[in-house]
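**Q** Below you will find the structure I want to go over with you.
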Amino acid sequence: MQPSVSIQNLKLDFGSVSVLRDLNLDIGQGEFLVLLGSSGCGKSTLLNCIAGLLEPTEGSIHINGNNVTWSEPSDRGIGMVFQSYALYPQMTVEGNLSFGLKNARMPKDEIKTRVARAAEVLQIEPLLKRKPAALSGGQRQRVAIGRALVRDVDVFLFDEPLSNLDAKLRADLRVEIKRLHQTLENTMIYVTHDQVEAMTLADRIAIMKGGVVMQLDTPDVIYNKPANKYVADFIGSPSMNFFDTVLTTADGPQVSIAGKDVSLAGYDFTRPGVSGDVWFGIRPEHILTGEMAGAAPTQFEVRAELAEPMGAETLVWSSLDGTALRFRVDGQMKITPGDALLIGFDPARASIFDKVEELRI
Amino acid sequence: MADVTTNMRRPSPAHASGPKPRRAFSRKNIMIYSILFVLAVYYLLPFYVMLMTSLKGLAEIRTGNIFAPPMEITFEPWAKAWATVCTGLNCDGLSRGFWNSVKITVPSVFFSIAVASVNGYALSMWRFKGANVFFTILIIGAFIPYQVMIYPIVVLLREIGLYGNLGGLVLVHTVFGMPILTLLFRNYFSSVPEELFKAARVDGARFWTIYFKIMLPMAVPIFVVAVILQTTAIWNDFLFGVIYTRPENYPMTVQLNNIVNSVTGVKEYNVNMAATLLSGVVPLTIYFLSGKLFVRGIAAGAVKG
C-alpha cells in the first residue's frame, strides 16, 4: 500500500541555519504519527512544510502519491489544528466551520450538512451561533478540530493542540482525539513536546533533534529499546539513570557497577560482541525496592538523599558510587533522608549505549 | 460613633486590606491641579480671545479691551467669513475653500488608507522576497523633509498632466501618507497571531480573501486611527495645497491665509478670527469626538517595531 504521506530528502534552511536536514519519513494510511522533541528540534517546521505553510529548500513531499511540494495548503487534502486554536474572532462557530467550504465554492446545502455532521461528532451543536470569545478553551479547540473535520481531508495535522489547555481538559481532549482517530481512520500527524500525549496517542513516534529524526518506532519500542542515549534520556519521567562503565566480553558480556560485576546474559544485544566504554542506563521504574529487590539478579545498598512524595508513589533521589540515581517506591512507604534502602534490578531491562556515537548496543 | 463600634467588632475584608485611600486635597494634589489649571488657562486664552473678537463689531474691537466679552454680540463676521469675504477675484467666502478641502481630504484619506492597509498586511503576513528592503525604503521616506521634494513633484505632476488640479493634490497626499500609515498598519497586523493567517490559508483563502474576510474586520480600530490621523493632517495641510493647486481649487487653509494676510483696506479682525475658527472646526471636532481612541491607536502602533 502506498504511504499516506511520504517525505523525501527534505531540507529547510532559514538563512544559514539549517532547521531540517535531509529528512525522510513515510507515514502509512490511517496511521497516527507523533512528532516528539524539545523546542527548536524542527518538529513544528516539518509540520508546516507538510501543510504547505513553509517552502522547503530541497526535497519533496507526497500525499497519497501526489507530489504536493509546491501546492497551496488548501489543495493538499490536509486539515490543521493549531495550538492557539486560531479561530476567526469575528465569525460565529458556524462561520468558522464553513469558511473553508465557502472558499471552495461548495453548494450551500452541502455546507450545512457537513457543518451539522461535524458539530454532532464534536458535540458543539449548541455553540454554533456563538463567537469564539464566548467559548471556553476546550470548546475552542473542539471548533478548531471541527474546522479540519468539515473539509473531509485525508490527513489531519495537529500542532501542539492541547498545550494551551489545563491539565484536566488536556487529558479529556486527548482521549477525544484518540477516539476521533478510531472513528475516522484518517492519517494524523501530531506535534507535541509532551511525552504522555505521544505515548498514549501514537501508533508510531518520531523523536526529533536538530532537524533529524533520532528514532521512529512504536511507543513500546521507543520506551523499552531506545535507539540512542538522547531518546533514552528524553523519554520517561524522571529520566533514565546512566552509569559510566566498561563493557567486557571475555567471560560473557558484563559491566561493572559500584565494584560489582553485573552479568548481561539476559540482555538482548542489538550489536553483540561490542565492548569498551559504555553508558549503562536503567529506568527509575525498573529499579525495585523491598522484597522485590531481594529477588532481583543485581542488588545494591543505597541511602536516600531526598524524597518527593507524589501520592501514588514516592520518587527517591539517591546515588550509587558517585552516580545520581532516581527510583520510585510505593507511596505508602515513608522515606526520610538518610534511610538505607536495598535496591535491585534486572539487567535485561537496561539499555546500553556506546560512548562514541551513543547508539544502542 | 455607632458606625465605628460596629466596624471594630466586625471588620469587613474591604477595610482590612488594600492601600491607604488618598485624600482628595492633599498638598501634592493642590500643587498638581493648580499647575494644570494655570497651563490650561494659558492655552485656552488665545482661543477665548479669538471667540470673543469674532463676536464683536469692528468699532468695539478698536476701542475695547481684547479680553472683554462683547457688549453687543453679532454673528455678522461669521456670516461674512463663510459666505462673502473676498480672496483675489472670488467673493464667496471660506465656503469655497471648505468644499475644496472636503474634495481633497475625502479621496486622499480613502486612497492612502486603502493602499497603506494592503501594504501593511502584505509586509507583515506574506513576507515576500525583498519585503524588508521595500519597508526600509518606505520608512526612509518618512524622514526626508517634504520641502526637498517640492520641485521634483511639480515637474512630475506637470509631465503626467495632473499639475494644478485636485487629482494631483490627492495623489501627492496619498503618496506622502504612505510611510507612516504603512508602518501603522504593518505593526498592527504584526500583532495579529500568525496562526490565524495560517489557518485561513489551510482553509483555502488567498491574498484578498484573507485581507477582506479575516484581517479587515479585525483591524477596525486601527482604521479609525488612520482616518483620524490622515483627516487632520490633510485638512491642516498648507504647503502642498498652495503649491499643487490653482486659486479656484485652494483648500481652506490657503484661503484662510489669503484672507488674513490681505493688505488692502481695513483689517477686519472679527472676520479673520471667525474664519480661523471655521477652518479649525473639522480637526477640533475629530479630536473631541475621538480623543481616547486616537491616543490608544497611536500607542498600539508604537509598541511593536
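No value in this document is a laboratory result; all are computed from the given coordinates. In this text, all values refer to a predicted model and were calculated from it rather than measured experimentally. Methodologically, a virtual Cβ is constructed for each residue, glycine included, from the backbone with ideal geometry; neighbour enumeration extends over all protein chains shown.
**Q** Using modelled backbone amide H atoms (1.01 Å from N, in-plane), which distant-in-sequence or interchain residues come within less than 5 Å of B:Val85's amide H?
**A** Distant-sequence amide H within range of B:Val85: B:Gly93, B:Leu94.
**Q** Could you give me the ³J(HN,Hα) list for region A:250-265, computed from phi with Karplus coefficients 6.51, -1.76, 1.60 and θ = phi - 60°, whole Hz, x at Gly and Pro?
**A** 4, 9, x, x, 7, 10, 10, 10, 6, x, 9, 7, 10, 7, 10, 4
**Q** Now for a separate question. With 10 angstrom as the radius, rank A:Ile27, A:Ile205 by how many other C-beta atoms surround their C-beta, starting from the fewest.
**A** Final ranking by Cβ density, sparse to dense: A:Ile27, A:Ile205.
**Q** Give me the net charge for the shell around B:Gly64: Cβ to Cβ below 12 angstrom, other residues only, Lys and Arg +1, Asp and Glu -1.
**A** 0
**Q** Then there is this: If one takes the longest principal axis of the Cα atoms in chain A, at what angle in degrees, from 0 to 90 and to the nearest 10, does the Cα axis of helix A:167-184 lie?
**A** Tilt of helix A:167-184: around 70 degrees.
**Q** Suppose every K and R has +1 on its Cβ and every D and E has -1 on its Cβ; what is the size of the dipole of chain B about the Cα centre, in Debye to the nearest 20?
**A** In debye, rounded to 20, chain B gives about 1320.
**Q** With a cut-off of 8 Å between alpha carbons and a minimum separation of six or more residues, what is the relative contact order of region B:21-74 in percent?
**A** That works out to 29 percent.
**Q** Exposure proxy check: A:Leu320, A:Leu25 ranked by fewest other beta carbons within 10 Å?
**A** A:Leu320, A:Leu25
**Q** Might you report the magnitude of the Cβ-based charge dipole of chain A about its Cα centre, with Lys and Arg at +1 and Asp and Glu at -1, to the nearest 20 debye?
**A** 1460
**Q** About its Cα centre, what dipole magnitude does the protein assembly as shown give when the only charges are +1 on Lys and Arg Cβ and -1 on Asp and Glu Cβ, stated in debye to the nearest 20?
**A** With only Lys, Arg, Asp and Glu charged at Cβ, the dipole is about 3160 debye.
**Q** With everything on Cα atoms, drop me the angle between helix A:137-150 and the longest principal axis of chain A, reported from 0 to 90° to the nearest 10.
**A** Helix A:137-150 sits roughly 60 degrees off the main axis of chain A.
**Q** By the gyration tensor of its Cα atoms, with a ≥ b ≥ c the square roots of the eigenvalues, what is the shape of chain B: rounded for a/c under 1.5, prolate for a/b over b/c, or oblate?
**A** oblate
**Q** Can you give me the long-range amide H partners of A:Val153? Hydrogens built in the peptide plane at 1.01 Å from N, cutoff under 5 Å, separation of 5 or more residues or another chain.
**A** Those qualifying (amide H under 5 Å, at least 5 residues apart or on another chain) number zero.
**Q** Given a cut-off of under 8 Å on Cα pairs at least six residues apart, what relative contact order in percent is computed for chain A?
**A** Over chain A, the number comes to 15 percent.
**Q** Work out which chymotrypsin sites (Phe, Trp or Tyr not before Pro) in chain B are exposed loop sites (DSSP not H, G, I, E or B, at most 14 other Cβ within 10 Å) and give the longest gap free of them.
**A** The longest such stretch corresponds to B:129-237.
**Q** Taking loop as defined by DSSP and a crowding limit of 16 other beta carbons within 10 Å, which trypsin sites (Lys or Arg not before Pro) in region B:186-257 fit?
**A** Those satisfying the criteria are B:Arg206.
**Q** I need the phi-derived Karplus couplings for region B:243-250: 6.51 cos²θ - 1.76 cosθ + 1.60, θ = phi - 60°, integer Hz, Gly and Pro marked x.
**A** Listing the rounded values in order: 8, 9, 10, 9, x, 5, 10, 4 Hz.
**Q** Kindly work out what percent of the DSSP beta bridges joining two residues of chain A are antiparallel, to the nearest 5.
**A** Roughly 75 percent of the DSSP beta bridges within chain A come out antiparallel.
**Q** Among the listed pairs B:Lys80/B:Lys267; A:Lys131/B:Lys213; A:Lys108/A:Lys178; A:Lys11/A:Lys209; A:Lys102/B:Lys198, which are separated by more than 21 Å between their Cα atoms?
**A** Result: A:Lys108/A:Lys178 exceed 21 Å.
**Q** Could you please rank A:His62, B:His173, A:His286, placing first whichever residue has the fewest other Cβ atoms within 10 Å of its Cβ?
**A** Least crowded to most crowded, the residues run A:His62, A:His286, B:His173.
**Q** Work out which helices of chain B, taken as complete DSSP H runs, extend at least 18 Å along their axis over the Cα atoms and score a mean Kyte-Doolittle of 0.5 or more, then list them.
**A** B:27-54, B:94-121, B:131-143, B:146-159, B:166-190, B:220-236, B:269-303
**Q** Follow-up. Within 11 Å, Cβ to Cβ, of A:Asp152, how many net charges do the neighbouring residues add up to if Lys/Arg are +1 and Asp/Glu are -1?
**A** Net charge around A:Asp152: +1.
**Q** Amide H of A:Gln215 versus every other amide H placed in the peptide plane: which residues, excluding those fewer than 5 positions away on the same chain, fall under 5 Å?
**A** Sorted by chain and number, the residues that satisfy this are A:Ile207.
**Q** Using the Cα atoms of the protein assembly as shown to build a convex hull, what is its mean projected area in square nanometres?
**A** If I average the Cα hull's projected area over directions, I get 50.3 nm².
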